[in-house]
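First comes the structure, then the notes that go with it.
The values are calculated or read from the model by the stated rules, or taken from the named source; none is laboratory data. Note that this is a predicted model, so its numbers are computed, not measured. Note that we place each Cβ from the backbone using ideal geometry, even for glycine, and neighbour counts take in every protein chain shown.
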Amino acid sequence: MDGNRRYAKLRGHKAVWGHWKGATTWLNLIDWWSYFNSSEKQEVKYMTLWALSKENLQRNPEELAGLFAVLTVTFRSIAFTASIHRSQVRVRFIGALTGLPQHVLGAIDMLERETENYSRAVMLVAVGYGGRDEVLRAVQDVLDSGEDLNEESVSRKTFCSKLSIPPVDLIIRTSESRTSGFMLWDTQSTELHFLHDKLWPELTARDCIHAIESFASRERRGGK
Amino acid sequence: MESLVLISSSVFQFLQWILAQLRITRLAQRSLLRVLAAGPIPQHVGFVMDGNRRYARGKGKLVQEGHGDGYLALRRVLEICLRLNIRCVSVYAFAIDNFKRPQQEVDALMQLAESKLLELCSHGDLLQEYGVKLNVIGRRTLFPDSVQAAVCKAEDLTKGNNRSILNVCMPYSSRDEMTTAVEDCIREALAKDVDYFTADDPIEGITEDTIDSHLMSVKRGSPPLDILIRTSGVKRLSDFMLWQCCENTQLHFSNTYWPDFGLFDFVPIIFEWQKSVWFRRQDVLFGGSSAS
């Protein structure tokens, strides 16, 4: 979810305003997703949103405080969003949840608890996530469990595999043509869709539909 | 008298201009490269050379000929990069998954690799001319013996060069590279820590940077990846340099097939990159306002 601060700057506001706008887009996205799943023949069963990266935690404390406030309020709002309960979406958090203040952790806990009985769809929220960090943790888990270190064993210990979620198929990124290490290990055969001239708060339902159509039309050969 | 001289000199200039027109394309290309080289230049560019087979099918040629044309495109693009003083170029030549392709095609690719590697590294050819060191990165034990021998010989021929680096990734898989790097880290950690069986956690010294420094490409001197270009319109990473594609690597997906890729496809990509570098500098100078 990239481009909030740039969006704010372009309109002459502070960065935090951009993050609030971004949060609104996130809530809209949940609604679009819910509608898509109920109306189209195929379902998008898993959706992951990258809310906060490990590198973001190095920003200046003032901005971080604003960002944490936005996150807490957003998580709480999601817990009371009708779409989540109607579509029975389970929300889970991945990433290193370290360095977060108590109120954010409390909101995370509450959201997970509120939705833990649902199983029709899963929304993963990556907070404090770093791609290389994920690989490092997976490696350490493999070593701790005494297994042989090879590609398969590491693939079994990524955040997604540990939650029994299949690896990501399509990544949509706004405002930049980079992956920044998102889902690094799992992106082996992931299709990428960049919207480099749109910022996150400008995302529309149509962009998402285009991304999915583009994915449907791609030929995935797997090396052959 | 003077007017005669003037007229004849202007006619002469006109003739020179006509002659110059014939050479204008090469000159225009060189000027373009010089304009680009005036701005910031990426240190490390990666290419996923995709689309050889589709190109061949489109032109009614054999798939092997498509790969041959792909090799010519590689030479072309490599020369452009070296002219621009790009310090390191990585190309995805063959994936470990590609062994699943029909045996005939794999055999043809092996033959191509064997002959062309030696050609690139021979005296007077491209790599020697620009002082480029060749690194072949990947699990080469999967290759037939003749190819392995050619690889060793080619690396040997260029090992004294130090102006630039060419990483040919074959047979390569990024996960394989990462797993190998981790194994090396552990082996090193174990070798250093004599009392492994009594120490609590000898592996705790392994961090992201340790793994980074043990990657095959980084061990042989490659700087961090700045731009990754994938041709033929496919928008995937396909297990190429996943670890290196972090934070600042710009991904570009070009719709041309690899054998058709040339200067006029490459130049806009470099311009885009220069623009993004400029924006990043602006942000750093005027107080971070770009999103991560």
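Looking at the stretch A:182-196, which of the residues that are of a type in the set (Ser, Thr, Tyr) and in contact with a Ser or Thr (Cβ under 7 Å, 6 or more places away or on another chain) is farthest from A:Arg220 (Cα to Cα)?
So the residue we want is A:Thr187.
Does the stretch A:38-54 hold any residues that are surrounded by fewer than 19 Cβ atoms within 10 Å (Cβ to Cβ) and touching an Asp or Glu at 6+ places or on another chain (Cβ under 7 Å), and which are they?
Of everything in the stretch A:38-54, nothing turns out to be surrounded by fewer than 19 Cβ atoms within 10 Å (Cβ to Cβ) and touching an Asp or Glu at 6+ places or on another chain (Cβ under 7 Å).
Would you check if there is a residue in the stretch A:184-207 being among the polar types (S, T, N, Q), surrounded by 18 or more Cβ atoms within 10 Å (Cβ to Cβ) and more than 26 Å from A:Ala138 (Cα to Cα)?
Checking the stretch A:184-207: not a single residue is among the polar types (S, T, N, Q), surrounded by 18 or more Cβ atoms within 10 Å (Cβ to Cβ) and more than 26 Å from A:Ala138 (Cα to Cα).
Would you point out which residue out of B:Glu105, B:Glu65 is away from chain A (no Cβ under 14 Å), in a helix (DSSP H, G or I), out of contact with any strand residue (DSSP E or B) (no Cβ under 9 Å at 6 or more places or on another chain) and farther than 23 Å from B:Cys245 by Cβ?
None of the other options fit; the residue is B:Glu65.
Does A:Gly22 satisfy being part of a helix (DSSP H, G or I) and within 14 Å of another protein chain (Cβ to nearest Cβ)?
Criteria met by A:Gly22.
If I ask for residues that are surrounded by fewer than 21 Cβ atoms within 10 Å (Cβ to Cβ) and closer than 30 Å to A:Lys45 by Cα, which ones from the stretch A:4-20 would you list?
Across the stretch A:4-20, the qualifying residue is only A:Trp20.
Within the stretch B:38-58, can one find any residue that is part of a helix (DSSP H, G or I), modelled with pLDDT under 90 and within 13 Å of B:Ile270 (Cβ to Cβ)?
Scanning the stretch B:38-58, I find at least one residue that is part of a helix (DSSP H, G or I), modelled with pLDDT under 90 and within 13 Å of B:Ile270 (Cβ to Cβ), so the answer is yes.
How many residues are at pLDDT below 85 and either loosely packed, with under 15 Cβ neighbours inside 10 Å or among the aromatic types (Phe, Trp, Tyr) (or both) if we restrict to the stretch A:62-79?
1
Any idea which of A:Val125, A:Val139 is closer than 22 Å to A:Pro201 by Cβ and touching a residue at least 12 places away in the same chain (Cβ under 8 Å)?
Answer to the check: A:Val125.
How many residues does the stretch A:88-125 hold that are buried (at least 21 other Cβ atoms within 10 Å of the Cβ) and either of a type in the set (Gly, Ala, Ser) or in contact with a Pro (Cβ under 9 Å, 6 or more places away or on another chain) (or both)?
Qualifying residue count for the region: 2.
Could you tell me which residue of the stretch B:37-49 is nearest to B:Pro102 (Cα to Cα), considering only residues that are touching a residue at least 12 places away in the same chain (Cβ under 8 Å) and surrounded by fewer than 21 Cβ atoms within 10 Å (Cβ to Cβ)?
B:Gln43
Report yes if A:Arg132 is buried (at least 21 other Cβ atoms within 10 Å of the Cβ) and modelled with pLDDT under 85, otherwise no.
So A:Arg132 fits the description; yes.
Restricting to the stretch B:227-239, what's the tally of residues that are at pLDDT below 85 and in a loop (DSSP other than H, G, I, E, B)?
Summing the residues that are at pLDDT below 85 and in a loop (DSSP other than H, G, I, E, B) in the stretch B:227-239 gives 6.
For (1) touching a residue at least 40 places away in the same chain (Cβ under 8 Å); (2) touching a Gly at 6+ places or on another chain (Cβ under 9 Å); (3) within 30 Å of B:Ala28 (Cβ to Cβ); (4) surrounded by fewer than 19 Cβ atoms within 10 Å (Cβ to Cβ), each residue gets a yes or a no:
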{"position": "B:Gly51", "(1), (2), (3), (4)": "yes, yes, yes, no"}
{"position": "B:Arg57", "(1), (2), (3), (4)": "no, yes, no, yes"}
{"position": "B:Gly66", "(1), (2), (3), (4)": "yes, yes, yes, no"}
{"position": "B:Glu79", "(1), (2), (3), (4)": "yes, no, yes, yes"}
{"position": "B:Ala95", "(1), (2), (3), (4)": "yes, yes, no, no"}
{"position": "B:Phe99", "(1), (2), (3), (4)": "yes, yes, no, yes"}
{"position": "B:Gln104", "(1), (2), (3), (4)": "no, no, no, yes"}
{"position": "B:Met110", "(1), (2), (3), (4)": "no, no, no, yes"}
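Please go through the stretch A:51-65 and give me each residue that is among the aliphatic types (A, V, I, L, M) and either at the interface with chain B (Cβ under 9 Å from one of its Cβ atoms) or within 22 Å of A:Met123 (Cα to Cα) (or both), ordered by number.
A:Ala51, A:Leu52
Could you list, in sequence order, the residues of the stretch B:238-247 that are in contact (Cβ under 8 Å) with a residue 24 or more places away in the chain and at the interface with chain A (Cβ under 7 Å from one of its Cβ atoms)?
Selection gives B:Ser238, B:Asp239, B:Leu242, B:Trp243.
I'd like the full set of residues that are surrounded by fewer than 19 Cβ atoms within 10 Å (Cβ to Cβ) and in contact (Cβ under 8 Å) with a residue 60 or more places away in the chain, limited to the stretch B:249-270.
The answer is B:Thr256, B:Asp260, B:Gly262, B:Leu263, B:Val267.
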